[in-house]
Structure formats: structure tokens, C-alpha cells
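Chemist: Dropping the structure in here first, questions after.
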Amino acid sequence: MNLLITGGAGFIGSNLIQHVIDRPEVTRLVNLDCLTYAGRLENLEAVARHPKYTFEKADLRDKSAVVEIFQRHGITHVMHLAAESHVDRSITGPGDFISTNIVGTFNLLEACRAAWLAQPAVPGRFLHVSTDEVYGSLGATGYFTETTPYAPNSPYSASKASSDLLVRAYHHTYGLPAVITNCSNNYGPFQFPEKLIPVVIQSVLARKPIPVYGDGMNVRDWLYVRDHAEALWLVLTRGRCGETYNVGGHNEWANIHIVQLICDLIDELSPATGGNSRQLITYVKDRPGHDRRYAIDATKIEKELGWVPAHDFPRGIRETVQWYLANQPWVRAVLAPRQG
């Protein structure tokens, strides 16, 4: 397996690389990343000198660069994670989301089609990693399944829905050996400090107001990133081509309850921070189109591939808070302006 992971310097990608690089099936692991603000080589220090590992700085929007890397490394398998992924940023600047998430995915699919379908002996497999946000918003009950109609409500989720449909079309039109996953909210080590959980942690440590949108009762299903990495490996190696697998953590939490839990954990684990951190919670105007609830039915991946998450939320969030407390130099490094 000559495995290409796109977006491998990001949050999920870097955890995935560390999870799979020592698998005996992997002969070569190529990390393609253009190193946006959220893609950091600091995330990959543990594997930077691994004999299987190669880093390629390239932008998926540059089709010729993608094709050249694909051919030079003889890529046989792809795990496609590279994407612009922050909903707030997609609202204020949707252009990058369209060009990266849709056009970038198209360029990658074209590289796969040229390399694999011209030589049917190549044991190709394309895994497209997507989000539950493509399904839109749930009410107080119910779950997203693999057959839930798409109803994206933000430029980010619309761009991911579009890329999902491209992958599906390439499988059905050209026979590209592709499979799709749609996952719930990830959390854990190496998440860039713009998403809810690291924002709350850093706000508490800095004794700054913790922003909570609306009434704080928006619900998400939380998935520990290393559990997600195992699910992705199983889908890549054992999933059925042309299928979609939903990956969820079985951990529904309202945003305000997560914020309160993090405050309490930091007060316990780092009492010198100041204590009584809940007083920092500050309600702010809700963001446009804020989906009320997401929840995933992960029955299919459990029944077909035997995957279940190993972490419940209280355990996973404690490990995550402990990681951020122990890795403040990493936080400062990724938040510092890049030189040059």
C-alpha cells in the first residue's frame, strides 16, 4: 500500500498518520498538505523521521502538482481529509471552501482516475472523509443515517456535500473504487484553537470570556479523534466500494454543558488557574444558520466492520484537557504568526 493522506498536517490528519503509519500493510505514507493556518508540521514531529513517511507541500487546487505527486509515488490508496472546515470562516469567506473542497476534490479524483483506471491491476481505493453537517439539522429526536437526504445549511457543509456527490459520481460513472464516511464532531489532541473545545480551554487558561452562541443548547455528537482514525482505517481496508459509512461517537452533548464540564475540569486539574471558571461564560449572538442538533446512527459501521468508539465523552474530554494543559508550547507555536 502506497498511501496518500491529504490534509495530514491538520487535526484529524495528523492523528490518523500516527495511527496508521506502523501498519504492516503500509509500505509508503505520503502526506500532501498545503500548510494553511490549520496545517502544522508541529503536529507530526513524532513521525517526521519515520522511514515510511514523506511530506509533500502542495495545494489540491494545483492539478498538475497533484498528478505529479500521485505518479511519482505510485499511489495505490488515498485517504482524503484536506478541506477548509470552519463554519464561521465559511460564512465570512466562502470562496476558499468552494475552491478547496470542491475543485480540490475534483483534481484528486482525476488523478486517481488517470492512474488507476488506465491500469486495472492497481489495487486502488479512495476514501473520502466528510461530515455529518451535510445532512442539515435535526430536531429533538432522530438520527442521521446513511440514507438521510442532504440538506446543508452553511457554505462549508454545502461544499462538503458537493464533494461527496462528486466522489459518488466518479464511482458510479467511471467505476472508481471509492467509499465515503460522514463523521460527527471530532475532538482531541492537536485540534487548532478555533473550534469549541480548544477555544474554551484557552479562554479559561487566559481568564478571558468564553463565548457561547445563542442559548448554548445546540447539540452535537462528539467523537474522539483517535477513535475516528481507527474507523477510517477499517473503512479503507474493509469497507465496501460505493458505500457510505456514518461514524459517530454516541456522545450527544449540548454546547453549554461541554463548556461547563471543561471549566470544572480545569478548576480540578489546574487550580492555580484561578477557579470558579464558569463565571467566564458569556452568551453571544447566535451565528447565522446555526444547526440545532446533529446525531449519528453508526449502526452500519458497527455491524459491517465491528467498529465502536473506545472513548465515552467524560473520559475523552478529560484526556483532551490534560493534553492541552501539558502542551501549551504547542498552542503558542501554532497561534504565532508564521515567518516569511
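The values are calculated or read from the model by the stated rules, or taken from the named source; none is laboratory data. All of these numbers come straight from a predicted model, not from anything done at the bench. Backbone-built Cβ (ideal geometry, glycine too); neighbour counts: all protein chains shown.
Chemist: Exactly one of these conditions fails for LYS57: (1) surrounded by fewer than 24 Cβ atoms within 10 Å (Cβ to Cβ); (2) closer than 27 Å to ASP132 by Cβ. Give me its number.
Modeler: The number of the failed condition is (2).
Chemist: Here is a further query. Any residue at all in the stretch 246-254 that is exposed (fewer than 14 other Cβ atoms within 10 Å of the Cβ) and touching a residue at least 40 places away in the same chain (Cβ under 8 Å)? Quick ask: steps written out before the conclusion?
Modeler: Taking the stretch 246-254 first, the residues exposed (fewer than 14 other Cβ atoms within 10 Å of the Cβ) are none.
There is no residue in the stretch 246-254 that is exposed (fewer than 14 other Cβ atoms within 10 Å of the Cβ) and touching a residue at least 40 places away in the same chain (Cβ under 8 Å).
Chemist: Restrict the check to the stretch 238-245 and report whether at least one residue is small (Gly, Ala, Ser), more than 26 Å from ASP286 (Cα to Cα), touching a residue at least 12 places away in the same chain (Cβ under 8 Å) and out of contact with any helix residue (DSSP H, G or I) (no Cβ under 6 Å at 6 or more places or on another chain). Quick ask: steps written out before the conclusion?
Modeler: We begin by selecting, within the stretch 238-245, every residue small (Gly, Ala, Ser); these are 239, 242.
When the remaining residues are screened for being more than 26 Å from ASP286 (Cα to Cα), the result is 239, 242.
Next, only the ones that are touching a residue at least 12 places away in the same chain (Cβ under 8 Å) stay: 239, 242.
In the following step, the residues that additionally are out of contact with any helix residue (DSSP H, G or I) (no Cβ under 6 Å at 6 or more places or on another chain) were identified as 239.
Yes, the stretch 238-245 contains a residue that is small (Gly, Ala, Ser), more than 26 Å from ASP286 (Cα to Cα), touching a residue at least 12 places away in the same chain (Cβ under 8 Å) and out of contact with any helix residue (DSSP H, G or I) (no Cβ under 6 Å at 6 or more places or on another chain).
Chemist: Just the residues that are closer than 19 Å to ALA169 by Cβ and either assigned to a loop (DSSP other than H, G, I, E, B) or touching a Lys or Arg at 6+ places or on another chain (Cβ under 6 Å) (or both), please, taken from the stretch 119-147.
Modeler: Hits for the stretch 119-147 are GLY124, SER130, THR131, VAL134, GLU146, THR147.
Residue-wise test of (1) among the aliphatic types (A, V, I, L, M); (2) within 22 Å of CYS183 (Cα to Cα).
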site	(1), (2)
ASN15	no, yes
LEU44	yes, no
ALA48	yes, no
PRO51	no, no
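Chemist: Please state which of the following conditions ALA118 fails to meet, knowing it meets all the rest: (1) surrounded by fewer than 21 Cβ atoms within 10 Å (Cβ to Cβ); (2) under 17 Å from LEU4 (Cα atoms).
Modeler: Tallying (1) surrounded by fewer than 21 Cβ atoms within 10 Å (Cβ to Cβ); (2) under 17 Å from LEU4 (Cα atoms), ALA118 fails exactly one: (2).
Chemist: GLY289: over 28 Å from THR237 (Cα atoms), without any contact (Cβ under 8 Å) to a residue 24 or more places away in the chain and small (Gly, Ala, Ser), yes or no? Reasoning before the result, please.
Modeler: Details: over 28 Å from THR237 (Cα atoms): yes; without any contact (Cβ under 8 Å) to a residue 24 or more places away in the chain: no; small (Gly, Ala, Ser): yes.
It is false that GLY289 is over 28 Å from THR237 (Cα atoms), without any contact (Cβ under 8 Å) to a residue 24 or more places away in the chain and small (Gly, Ala, Ser).
Chemist: Any idea which of GLY39, GLY13 is within 17 Å of the chain's Cα centre (by Cα) and part of a helix (DSSP H, G or I)? So that I can check it myself, show each step before the final result.
Modeler: Values: GLY39 fails: part of a helix (DSSP H, G or I).
The conditions single out GLY13.
Chemist: Quick one: in the stretch 30-58, of everything that is touching a residue at least 24 places away in the same chain (Cβ under 8 Å) and of a type in the set (Asp, Glu), which residue is farthest from ILE5 (Cα to Cα)? Working first, answer last.
Modeler: Initial filter on the stretch 30-58 (touching a residue at least 24 places away in the same chain (Cβ under 8 Å)): 30-44, 46-47, 50, 52-58.
Among the residues that remain, those that are also of a type in the set (Asp, Glu) are: 33, 42, 56.
Values: ASP33: 9, GLU42: 17, GLU56: 10 Å.
Ranking the qualifying residues of the stretch 30-58, first place goes to GLU42.
This table checks each residue for (1) farther than 26 Å from ARG292 by Cβ; (2) in contact with a strand residue (DSSP E or B) (Cβ under 7 Å, 6 or more places away or on another chain); (3) in a helix (DSSP H, G or I).
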site	(1), (2), (3)
VAL199	no, no, yes
SER203	no, yes, yes
LYS208	yes, no, no
VAL212	no, yes, no
GLY216	no, yes, no
ASP221	no, yes, no
ASP227	no, no, yes
ALA231	no, yes, yes
LEU236	yes, yes, yes
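Chemist: Determine whether VAL30 is buried (at least 22 other Cβ atoms within 10 Å of the Cβ), closer than 17 Å to ARG125 by Cα, of a type in the set (Val, Ile, Thr) and modelled with pLDDT of 95 or more.
Modeler: Yes: the conditions hold for VAL30.
Chemist: In addition: Could you please let me know if TYR156 is in contact with an Asp or Glu (Cβ under 9 Å, 6 or more places away or on another chain), aromatic (Phe, Trp, Tyr) and in a loop (DSSP other than H, G, I, E, B)? Show your work before the answer.
Modeler: Details: in contact with an Asp or Glu (Cβ under 9 Å, 6 or more places away or on another chain): yes; aromatic (Phe, Trp, Tyr): yes; in a loop (DSSP other than H, G, I, E, B): no.
Here the answer is no, as TYR156 does not meet what is asked.
Chemist: Continuing with the same structure: Out of the stretch 186-196, which residues are crowded, with 22+ Cβ neighbours inside 10 Å and either hydrophobic (A, V, I, L, M, F, W, C) or part of a strand (DSSP E or B) (or both)? Steps first, please.
Modeler: Restricting attention to the stretch 186-196, the residues satisfying the condition of being crowded, with 22+ Cβ neighbours inside 10 Å are 186-188, 190-191.
Hits for the stretch 186-196 are ASN186, TYR187, PHE190.
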